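> Please find one structure pasted underneath; my questions will follow.
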Amino acid sequence: MSGAPADQPDLSLSGADPAADLLALYASGDPGAARALAESLLPRVLAQANRMLGDAAEAEDVAQEAMLRLWRAAPGWRREGGRVSTWLYRVVANLCTDRLRRRRSLPLDDAAEPPDPAPAPLSRMEEADRLRALSDALARLPERQAQAVALRHLEGLSNPEIAEAMDIGVEAVESLTARGRRALAAILGSRRSELGYEE
Amino acid sequence: MRSDDDLEALFAEARRAPSSVSPELMARVLADAAAAMPRPRLAGGPAAAGIGEPPGWWPLLGGWPAMAGLAAAALAGFWIGVAQPVPVVLLDSFAEAGQAVELFGLEDPLARWEP
């Protein structure tokens, strides 16, 4: 059973959505609401993108784009459409799979190297390579499988929460995560020694 | 199921991966917010409209229905102004019953939309 990262928001179905309250204030022209929203939501958005992409620069681009879409959605935001956090999970997942799809078309030599001004210890370098390998493997899955697996195993969302974020049924989530996980295991299994796992 | 255990280990590693919002990223996000923010309403005076909202004096003029009538009247006035007048026909020519006289060379502005 995967544990949720510490930066997970409370997705309880209490009906209250403080982020929607702040978004309404922002839409009415309150600049303080924008800062409060950014401080509350941006860390989680960035973390989700980072976990799915394994690339800090790309994750920042995705995070900024996701927040931009939130600002633009503010005037027409409808609370009955769901929570802001759920909407952001969906937007970030879609933006990430867009990025992953572009990776599939890049020759390996053209893949961008993340900037690393300081020499990293070997253990950290291996971890970065493994996280990149995970996202490269996600890039090879059908996009809905990649999103379901990422929301389940990287974000720690429950199947009902994933169903709401992806606007599909719970049974579909279970099928997507199961198939996606098997495919990932097959893709990464051939690279075990390369990833630093002992035989 | 070693590959499955290894996959779970990889997931756990990804969940622990640190990420923090740099001041530069926060600044970019807030700049986007400022650029996209609807204009605030001005207190005590004519309201500055937010995105999609009509100004405060809009209902006083009758709203959209009144505006439709105003637009139609303005359009008719425009056509009357640009149409070339023809000489006024003497009253004698009205002797025939049912004769219609065209005083102005009005072109039906909606003719092109008739089916």
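The values are calculated or read from the model by the stated rules, or taken from the named source; none is laboratory data. Note that the structure is predicted; figures quoted are calculated from it, not measured. Ideal geometry is used to build each Cβ from the backbone, glycine not excepted, and the neighbour counts take in all protein chains shown. Please note that ligands, DNA and RNA were not included when accessible areas were found on the heavy atoms of the full protein model with its side chains. Shrake-Rupley method; radii C 1.70, N 1.55, O 1.52, S 1.80 Å.
> Just need a number here: residues in the range B:1-22 that are within 12 Å of A:Leu131 (Cα to Cα) and more than 7 Å from chain A (Cβ to nearest Cβ).
Total satisfying the criteria: 4.
> Hey, another quick one. When the residues of the range A:66-83 are filtered to those that are in a helix (DSSP H, G or I) and more than 14 Å from chain B (Cβ to nearest Cβ), which remaining residue is surrounded by the fewest Cβ atoms within 10 Å (Cβ to Cβ)? Working first, answer last.
First pass over the range A:66-83, keeping only residues in a helix (DSSP H, G or I): A:66-76, A:79-81.
With more than 14 Å from chain B (Cβ to nearest Cβ) added as a condition, the list becomes A:79-81.
Numbers: A:Arg79: 13, A:Glu80: 4, A:Gly81: 12.
So the residue we want is A:Glu80.
> Here is a follow-up. Say we look at the range A:18-65 and pick out the residues that are within 8 Å of chain B (Cβ to nearest Cβ) and assigned to a loop (DSSP other than H, G, I, E, B); which of these is nearest to A:Ala146 (Cα to Cα)?
That would be A:Gly54.
> Restricting the search to the range A:168-190, which residues are open to solvent by 70 Å² or more (accessible area, probe 1.4 Å) and either within 12 Å of chain B (Cβ to nearest Cβ) or under 16 Å from the mean Cα position of the chain (by Cα) (or both)?
So in the range A:168-190, the residues open to solvent by 70 Å² or more (accessible area, probe 1.4 Å) come out as A:171, A:174, A:179, A:182, A:186, A:190.
Those that are open to solvent by 70 Å² or more (accessible area, probe 1.4 Å) and either within 12 Å of chain B (Cβ to nearest Cβ) or under 16 Å from the mean Cα position of the chain (by Cα) (or both): A:Arg182, A:Ala186, A:Ser190.
> Can you tell me how many residues in the range B:1-32 are in a helix (DSSP H, G or I) and within 20 Å of A:Gly156 (Cα to Cα)?
13
> Take A:Leu154 and decide whether it is surrounded by 19 or more Cβ atoms within 10 Å (Cβ to Cβ), hydrophobic (A, V, I, L, M, F, W, C) and modelled with pLDDT of 95 or more.
In short, yes.
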